Amino acid sequence: MGNQLPIGIFDSGIGGLSLLREVQAKLPSEHLIYIADTAYAPYGDKTAEVIEARAFALTQYLIEQGAKVILVACNTATVNVINLLRVEFPNIPFVGIEPAVKPAILDKNTKVVTVWATAKTATSQRLKDLVDTHYCPQTKVHIQACHGLASEIEKGDIASISLEQLVTEYLNELVVTGTDTLVLACTHYPFVLPVIEAIWPTLSQQSLTVIEPAGAVVKHLKHILNDKTLLNSDEFEGETCYLTTGVAGALKQSILSLFNKNVSVDKIEV
């Protein structure tokens with residue numbers, strides 16, 4: 001039956017695991033296939049042509065594995081190619097992830113928003129359109145390309161000094177702009193939330209609201225599954241298959257470090 005088929009999820013690396021974690025928590029009966037495309041990570045510094053080629057190849061692979069819906073767990077891939085994927089693969093639903101600009105701007109308490117994004121997302125037309133669509137004269141919006149941050153997080157060591165220094169550098173820019181709301185526009189970035197929370201009080205006395213869209217994305221995913229009668233209502237916990245185009249041991253270690261979970265990881269050629 002269709003509802004027993006897996007949900008396919010892909011990202012350039014470990015970033016999408018922040019979404020995977022939310023799917024596992026909110027939709028525990030669903031079977032999942034997660035692909036970390038680490039052989040090509042990060043997507044943020046790749047050309048649009050490379051990102052498109054990778055997204056098409058991974059999507060085709062997930063469809064061959066029986067995926068009933070595909071979650072593009074990468075902001076860079078979403079803003080660059082999700083519309084192309086929907087045209088190329090019209091028979092499968094896609095759920096993407098976009099910067100949570102709307103809720104940030106519409107919050108009446110927000111005065112200055114900064115969006116942390118990869119270089120590719122920061123310069124994308126889709127992000128510009130999001131900001132323009134929800135324009136509010138009372139709210140300033142800054143787009144900050146966080147060069148190297150996704151790559152540093154990809155190493156899996158959230159406690160590293162180099163990562164702390166990089167986060168501090170970007171947080172200092174928030175202090176300069178008077179930012180009160182930070183939008184995390186890369187699925188890698190939620191993993192540094194503890195780092196942000198530890199460093200921010202040492203830099204500023206102003207409170208900082210941090211928005212990441214995992215909850216909203218999974219809510220939309222559940223709506224799509226319901227609408228297509230694809231929601232798995234089994235009482236049993238679903239299984240997750242972890243795959244990578246890079247080094248299996250590296251992804252396995254990252255999952256162990258981030259979630260304290262010892263899982264099996266297989267390498268695939270896609």
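Where a number appears in this text, it was derived from the coordinates with a stated rule and is not lab data. Here the structure is a predicted model, which means the values were calculated and not measured. Backbone-built Cβ (ideal geometry, glycine too); neighbour counts: all protein chains shown.
Quick notes on this structure:
- With eigenvalues of the C-alpha gyration tensor scaled by 5 and rooted, segment 1-156, Å: 28, 18, 16
- Rounded to the nearest 0.05, the FRET efficiency derived from the C-beta distance between Val112 and Ala48 at R0 = 45 Å is 0.90.
- Three-way shape call for the chain based on the alpha-carbon gyration tensor, with the a/c threshold at 1.5: prolate
- Long-range HN-HN contacts of His142 with modeled amide H, under 5 Å: Val113, Thr114, Val115
- Each Cα pair under 8 Å and six or more residues apart adds its sequence gap; the mean of these over the residue count of the chain is a relative contact order of 27 percent.
- 5 angstrom amide H check on Gly13, placed H, neighbours 5+ away: Asp37
- Net charge contributed by nearby residues that have their C-beta within less than 9 Å of Leu225 (K/R +1, D/E -1): +1
- Helix runs (DSSP H) in the chain reaching 18 Å along axis by Cα, Kyte-Doolittle at least 0.5: 48-64, 161-177
- ³J(HN,Hα), Karplus 6.51/-1.76/1.60, whole Hz, each residue of segment 4-9, x for Gly, Pro: 8, 6, x, 8, x, 9
- Overall form of segment 101-211 per C-alpha gyration tensor (a/c, 1.5; a/b vs b/c): oblate
- For Ser18, net neighbour charge (Lys/Arg +1, Asp/Glu -1) across residues whose Cβ lies under 12 Å away: -2
- Applying a threshold of 20 Å to the alpha-carbon distances of Lys102/Lys128; Lys108/Lys140; Lys46/Lys261; Lys102/Lys219; Lys108/Lys222 flags Lys46/Lys261; Lys108/Lys222 as lying beyond it.
- Net charge of Cβ neighbours under 14 Å - reference Thr187; Lys, Arg +1; Asp, Glu -1: -4
- Gln125-Glu235 FRET efficiency (beta carbon distance; Förster radius 35 Å; 0.05 resolution): 0.20
- Percent RCO, i.e. relative contact order, over segment 2-94, from Cα pairs under 8 Å lying at least 6 residues apart: 38 percent
- Top of Gly16, Gly238, Gly96 by mean-square fluctuation, Gaussian network on the chain, Cα under 10 Å: Gly238
- Amide H contacts of Thr209: Thr181, Leu182, each under 5 Å away and 5 or more positions distant or on a separate chain (H built 1.01 Å from N in the peptide plane; Pro and chain starts excluded).
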